[in-house]
Amino acid sequence: NAGVTQTPKFQVLKTGQSMTLQCAQDMNHNSMYWYRQDPGMGLRLIYYSASEGTTDKGEVPNGYNVSRLNKREFSLRLESAAPSQTSVYFCASSQTGTNYGYTFGSGTRLTVV
Amino acid sequence: GENVEQHPSTLSVQEGDSAVIKCTYSDSASNYFPWYKQELGKRPQLIIDIRSNVGEKKDQRIAVTLNKTAKHFSLHITETQPEDSAVYFCAATRDSNYQLIWGAGTKLIIKP
């Protein structure tokens, strides 16, 4: 039982490059989330998907797009990376909404130069 | 909307002593309150949670208390150990809301 798997673990991009962060969960959870965490800071919600087929903006969606490919997978795309997007990105999933707690992936450490 | 405030931002305690972290929330309809622990360089992990129909919940050395009237909830860690050193986040939400509202985090330092 892998839980929530994120790839890649580390990535360095040049300004203007694009990339997709992948996330997959094997717990049959309905809801999935993308967060970013800047050094020494808390978690900020980028986008979430309450259920398969739906996505909604969170607190900091600008510069990002998401796709809920199926119930298991939720990807985050940076179309034109900027240095301000240097951060650690966490994917998370939960059973139903938020009331059963989140399970987080191990994170993607992204540096944009 | 909901707002969660967490205090203190840093807490330093002697090994073996107790630690208490407090959060206040603004939405009286919030009914689910989890606590997460994040060790350095690791992912946040759920350590304990409480629903609004319960006033206290314990799990070995950790406990959470909830005061609905005052709209605050607290994490209590007894007999602290070096492995308790981490950042702790509180959060709050209510049924049908798909977003956890997070506190800013408390860095807990256990002094040997």
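Every read-out reported here was derived from the displayed coordinates using simple, explicitly stated rules and does not represent laboratory data. Nothing here was measured: the structure is a model prediction, and the numbers come from that model. As a convention, Cβ positions derive from the backbone with ideal geometry for all residues, glycine included, and neighbour counts pool all protein chains shown.
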Exercise. Could you give the Stokes-Einstein D for segment B:48-112 in µm² per second, using the C-alpha Kirkwood radius, 10 °C, 1.306 mPa s?
Worked result: 120 µm²/s
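Extension gain B:ASN53-B:ALA29, at 0.36 nm per residue separation less the Cα-Cα distance, in nm?
That pair, B:ASN53 and B:ALA29, stretches by 7.4 nm at full extension.
Roughly how big is segment B:1-98's charge dipole about its Cα centre, with Cβ charges of +1 (Lys, Arg) and -1 (Asp, Glu), in debye to the nearest 20? Write out the running numbers ahead of the final one.
Values: 11 positive and 13 negative charges, 57 e Å.
For this selection, approximately 280 debye.
I need B:TRP35, A:TRP34 ordered by Cβ neighbour count within 10 Å, fewest first.
Working: B:TRP35 24, A:TRP34 28.
Taking fewest neighbouring Cβ atoms as first place, the list is B:TRP35, A:TRP34.
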Exercise. Hey, got the dipole for the protein assembly as shown? About the Cα centre, +1 on K and R Cβ, -1 on D and E Cβ, debye to the nearest 20?
Worked result: 320 debye
Seminar exercise, completed: Computed Rg/Rh for the protein assembly as shown (Cα atoms; Rh = Kirkwood radius) stands at 0.98
Seminar exercise, completed: Cβ density ranking, 10 Å radius, fewest first, applied to A:TYR102, A:TYR47 yields A:TYR47, A:TYR102
For this session: Let me have the relative contact order for segment B:51-95, percent, based on Cα pairs under 8 Å that are six or more residues apart.
Result: 24 percent
Exercise. Leaving out same-chain residues fewer than 8 places away, which lysines sit with a Cα under 21 Å from that of A:LYS9?
Worked result: B:LYS37, B:LYS42
Exercise. Between their Cα atoms, which of A:LYS71/B:LYS71; B:LYS22/B:LYS68; A:LYS71/B:LYS22 are more than 24 Å away from each other?
Worked result: A:LYS71/B:LYS71; A:LYS71/B:LYS22
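Calculate the mean, over all residues of peptide B:89-100, of how many other protein chain Cβ atoms lie within 10 angstrom of the residue's Cβ. Kindly include the intermediate steps, with their values, before the conclusion.
Details: counts 2, 0, 4, 1, 3, 3, 4, 5, 4, 16, 10, 12.
Mean partner shielding for this stretch: 5.
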Exercise. How big is the charge dipole of chain A about its Cα centre, in debye rounded to the nearest 20, if each Lys and Arg gets +1 on its Cβ and each Asp and Glu gets -1 on its Cβ?
Worked result: 180 debye
Exercise. Counting pairs of Cα atoms in chain A, how many percent are more than 20 Å apart?
Worked result: 33 percent
